[in-house]
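Only the coordinates and a few stated rules stand behind these numbers; no lab work does. Model, not experiment: these values are computed from the prediction. Don't worry about glycine lacking a Cβ; one is built from the backbone with ideal geometry, like all the others, and counts go over all protein chains shown.
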Amino acid sequence: MYRIGVDVGGTNTDAVVMDGRVIRAVVKVPTSADVTGGLMEALRQVLERAAISPAQVGLVVIGTTHFTNAVIERRHLSPTAIVRLCLPAGQCLPPMVDWPEDLRGVVGDHVFFASGGVQFDGSPIAPFDADDIRRIGTEIRARGLRAIAISGIFSPVRDQFEQEAAAILQQEVPHASITLSSSIGQLGLLERESATILNSALHELAQRTVASLQDGVGRCGIRCPMFLSQNDGTLMDAATAQRFPVLTFASGPTNSMRGAAFLSGATDAIVLDIGGTTTDVGLLSKGFPRQATTTVDIGGVRTNFRMPDIFSIGLGGGSIVSDCGPSSEVGPRSVGFRLTELARVFGGDVLTATDIAVAAGKAQIGDASRVASLDRKIVARALEVIEQRLADAVDRSRLSPDPIPVIAVGGGSILMPEQLCGLAVTRPPHFAAANAIGAAIAQVSGEIDRIFSLEKLSREQALAEAEGAARERAVAAGATADSIMVTEREDVPLAYLKGNATRVRVKVVGEMDLRGH
Amino acid sequence: MRDLTVADIEALAIGAAILGTGGGGSPYIAKLRCQQALRRGERIRLISLEELDDDALVMTLGGIGAPTVSIEKLAEGREGLRAMRAQEEFAGRRISALMSSEIGGGNALEPMITAAAADVPVVDADGCGRAFPEMQMTTTSIYGHRSTPAALTDEHGNVVLFQHAVSEVWYERLARSCVVTMGGSATGAEAPMSGAHAKRAAVPATVTQAINIGRLVLQANREHRSAIPQICAQEGGKHLMNAKIVDLKRHLLGGFAVGEIQLEGIDEHAGSRASVRFQNEFLTFERGGSVELCVPDLIVILDVDSGQAISTDLLRYGQRVAIVALPCHELLRSPEALAVVGPGAFGIEGVEYRPMPARPTPVISLSLQQGETP
């Protein structure tokens, strides 16, 4: 059976057919306004180029930035009711207190406080009040809201009251879509709650979008299940994606890095995605991007998602070279997507990093004769600057002096020298389709983030218990049990608390069980 | 006296995190609460120690407990006010002003929330000039003030009054177990002190100091340059090195996060190695086989690019950091202070505290800053 990976970007839709670890075909088509049209065109073309029939496809994985863009552009978001289970605690700051005004306006001011939060050890802060939740449900129905977010204090430790509140609200507001914060994120009430609210607000859009993606896949004659790739580079099924659109927020850069790793054959590497204006740099460890530990802003909202730790520098193929005597500069200003119109090799009169690469004989693009008369000193100096900036970026990502491969992908990777800081540089083939390939090779994950008391458990027992629970989650999500391995394991003792409380986080990944679907 | 603005609070949160030397908890929640109070029309009035009457009643107040709990279990909102009222009832007098017991971390801002609600001023001073892990480690207590009678409150309305503890260490011990019962975080108000004692024993002008540090960071970020040279110039600090974290050990000891990081120099410090020990806060900086700096001087770890403080719980293998040392206040350098907050008090054997050169006399003009938009 073949796998198809698709990257539905803002501009282009890329698709790739893979046979095990072999790439059979790669295509790129413009993204259509309705998403489905572009997807179907890409699927048809890639099936044709790979010379396979739809019946031979065993798995379709789609990566999309559609939901991230909806938040950034404040489009297609539903008004949402927020029920915080916290009383009497949690009243000092209302939900969305640190959101941008315009986004808060779109989601609306429908905030309710109730009891049902728990302490760090899982004991209730105050008794759960079912009648109060019922009353809130009546009010939500009266306001005509169909999206509900429920956030409970310490619900990642114990989610019972979020569940009970959801059951009651579902009765009171029959057609509501409800998101529980315990199903979204980690400790940190405001950040987890914000992600939960965004998820609820995106729910209707996700229903529609995922259904039309599925429709597009089906209309191409493909009958196998369709999955979406999520933030950490693993898979979720279409039904999960409809319920948890926020889990696709960072799938773009993740897929690009994982695809690059696949193309080069490395599992541990520094990846540079060199575009027209910027270069994104990240570190791969065991085939997955290293995660950022700080909070992540999405459309101006602080969330505590685990996102790839990627930084950008203002250097790309379209970077403008300004010649100021001995100190020539490259970037951060760029001609961007107008490269093929403004760069010298394309008949324009702006000197870009691409012109330098052509003049130095590193690439054959456009008309090389148009840069033949460039002052050699300028070319040499600009190359030096480019190399220095790339070297700084690579060095910043290194964890140790041990050698690690450097992988360059993206249209601007012609700027890359053969070696950087003494590290070998690889420019794998098909680098432009790294995103789609990253989607095609996605695995299944399970994650646990919980506080354990080490009074009665040993540290090892707590870690083992967390790992067991993470494995169960991965299997429930479709992984074959024997393929599961631990990718992240972390325990952080909680300062100031006697009783040796410790926060344990374990993540496992495994291969998708294709037979089960 | 001057009124703090929303922008002042923004800068204060950054500066307070830096003076937290790795501990003190994130000021984020307290910052939002202060800014919310200001937007509601409440006032946060800052007064200098000199403006205090000798017989004024000054009280320190703040959050006690695990930072991890306080980012999850947000407060009810009036915990601080209840603690303040309990102290007033016990003393039979009104509190004249509130003060932070430690300027490092979230507790720089906690008293301001209650001060705004009760409409009393906040004193431009604190009990550490930085952050320390235990309650007896304050200048006000070192120079003779007792924390008890102290009040602890929670979100339910429970108010526990510790009428008397035979020592500060005993109060710390009793309060901790009460905090655990209250769910791992609580609000505490220590016994009020006289204005005269605050003038003698509190570290002066630290709120202004933190705001000024925060402004330097914000300014540098806007101009895409490092804030470190200016922070060092303003605070008499020393930029020890830029480094990458190449090893990180962390474990629990009596409820504290204790550990050590190994550093490898980068940029102009490439090739040199160093290490930093911590117990909630950074304790020592060791290079070339000897301890170059230690508590009570401030060892600060900043993100190389943003200039923002990195707390011990966010330290991570591979991080690129700048290590900066800032001199502590003279009040922490006396023999009686060093017995409580010197290296020996943290179980660090055989290290003698060698003070770094004192902070230059701060050129601080409160009136100058008024109306400025940082």
Legend entry - Rg/Rh (Cα only; Kirkwood hydrodynamic radius) as it applies to chain A: 1.01
Inset, instruction - Let me know the volume per residue of the alpha-carbon convex hull for the stretch B:199-283, in Å³. - result: 146
Inset, instruction - Could you tell me the convex hull volume per residue, in Å³, taken over the Cα atoms of the stretch B:254-309? - result: 99
Legend entry - Where only C-alpha atoms are counted, convex hull volume of the stretch B:68-198 per residue in Å³: 102
Inset, instruction - Report, by chain and number, residues whose modeled amide H sits under 5 Å from the one on A:N12, excluding near sequence neighbours (fewer than 5 apart, same chain). - result: A:T31
Inset, instruction - Give the span of the stretch A:358-517's Cα atoms along each principal axis, as three whole-Å numbers ordered largest to smallest. - result: 76, 47, 22
Inset, instruction - Calculate how steeply helix A:36-50 sits against the longest principal axis of the alpha-carbon atoms of chain A, using the helix alpha-carbon long axis, and give the answer as 0 to 90 degrees to the nearest 10. - result: 60
Legend entry - Zero-based 10 Å bins, Cα pair distances in the stretch A:166-253, whole percents: 16, 42, 31, 10, 1
Legend entry - For the stretch B:3-145, projected area of the alpha-carbon convex hull averaged over all directions, nm²: 8.3
Inset, instruction - Any chance you could check the Cα centroid distance between the stretch A:126-198 and the stretch B:239-282 for me, in angstrom? - result: 42
Inset, instruction - Would you kindly give the portion of the calculated P(r) for the stretch B:61-102 that falls above 11 Å, as a percent of all Cα pairs? - result: 72
Legend entry - J(HN,Hα) series, the stretch B:203-211, from Karplus relation 6.51 cos²θ - 1.76 cosθ + 1.60, nearest Hz, glycine and proline x: 7, x, 6, 7, 5, 4, 4, 5, 4
Inset, instruction - May I ask you to evaluate 6.51 cos²θ - 1.76 cosθ + 1.60, the Karplus curve with θ = phi - 60°, for each residue of the stretch B:159-167 and list the ³J(HN,Hα) values in order in whole Hz, giving x for glycine and proline? - result: 10, 10, 9, 8, 5, 7, 10, 6, 8
Legend entry - Local net charge near B:R146, Cβ-Cβ under 10 Å (Lys/Arg +1, Asp/Glu -1): -2
Legend entry - Inverse mean reciprocal Cα-Cα distance (Kirkwood Rh) of the stretch B:120-257, Å: 18.1
Inset, instruction - May I ask you to sort B:H145, B:H164, A:H110 by Cβ crowding, counting other Cβ atoms within 10 Å and putting the fewest first? - result: B:H164, A:H110, B:H145
Inset, instruction - Kindly put A:D7, A:D491, B:D297 in sequence by how many other C-beta atoms sit within 10 Å of each C-beta, fewest to most. - result: A:D491, B:D297, A:D7
Legend entry - Ratio Rg/Rh, restricted to the stretch A:2-53 and using Cα atoms, in which Rh is the Kirkwood radius: 0.98
Inset, instruction - Specify the angular offset, from 0 to 90 degrees and rounded to the nearest 10, of the alpha carbon long axis of helix B:28-39 from the longest principal axis of the alpha carbons in chain B. - result: 50
Legend entry - Fraction in percent of alpha-carbon pairs per bin - 10 Å, the stretch B:80-151: 20, 50, 29, 0
Legend entry - the stretch A:194-266: trypsin sites (Lys or Arg not before Pro) in DSSP coil with no more than 16 other Cβ atoms inside 10 Å: A:R223
Legend entry - Diffusion constant of the stretch A:337-435 at 20 °C, which comes from Stokes-Einstein with the Kirkwood Cα-pair radius and 1.002 mPa s, µm²/s: 146
Legend entry - Using alpha carbons only: equivalent-ellipsoid semi-axes of the stretch A:32-128, gyration tensor based, whole Å: 45, 20, 9
Inset, instruction - Using only alpha carbon positions, build the gyration tensor of the protein assembly as shown, then give the equivalent ellipsoid semi-axes as the square roots of 5 times its eigenvalues, largest first, whole angstrom. - result: 49, 35, 24
Legend entry - Sum of -39500 (n - 2.57) over DSSP H runs of 4+, divided by residues of chain A (222 nm, nearest 500): -10000 deg cm²/dmol
Legend entry - Helix-only [θ]222 nm of chain B, DSSP H runs n ≥ 4, -39500 (n - 2.57) each, per residue, nearest 500: -8500 deg cm²/dmol
Inset, instruction - List the relative contact order of chain B as a percent without decimals, with contacts defined as Cα pairs under 8 Å and 6+ residues apart. - result: 20
Inset, instruction - Counting only C-alpha contacts under 8 Å and six or more residues apart, can you give the relative contact order of chain A as a whole percent? - result: 14
Inset, instruction - Go from 0 up to the bin containing the longest alpha carbon distance in the stretch A:213-335, width 10 Å each, and give me the % of pairs per bin. - result: 12, 30, 31, 20, 5, 2, 0
Inset, instruction - Compute the semi-axes of the equivalent ellipsoid of the stretch B:215-374, taking the square root of 5 times each eigenvalue of the Cα gyration tensor, and list them largest first in whole Å. - result: 26, 22, 15
Inset, instruction - Normalise the Debye intensity by I(0) for chain B, one equal point scatterer per Cα, no solvent, then take log10 at q = 0.10, 0.12 Å⁻¹ and round to two decimals. - result: -0.57, -0.84
Legend entry - In order through the stretch A:340-354: 3J(HN,Hα) via Karplus (6.51 cos²θ - 1.76 cosθ + 1.60), integer Hz, x for Gly, Pro: 6, 10, 9, 5, 4, 5, 9, x, x, 10, 9, 7, 10, 4, 4
Inset, instruction - Pull up the DSSP beta bridges for the stretch A:1-152 and report the antiparallel fraction as a percent, rounded to 5. - result: 45
Legend entry - Degrees between helix A:189-219 axis and first principal axis of chain A (Cα, 0 to 90, nearest 10): 70
Legend entry - Alpha-carbon centroids, the stretch B:116-161 and the stretch A:258-287: separation in whole Å: 50
Legend entry - Whole-Å distance, taken between Cα centres, linking the stretch B:284-357 and the stretch B:60-75: 24
Legend entry - Anchor B:K244: aspartates and glutamates whose Cα lies under 18 Å away (excluding residues fewer than 8 positions away in-chain): A:D309, A:D392, A:D395, A:D402, B:E260, B:E264, B:D267, B:E268, B:E286, B:D303, B:D305, B:D313
Legend entry - the stretch B:45-150: relative contact order as a whole-number percent, Cα under 8 Å and 6+ apart: 32
Legend entry - Taking A:D367, A:D513 and counting other C-beta atoms within 10 Å, the order from fewest to most: A:D367, A:D513
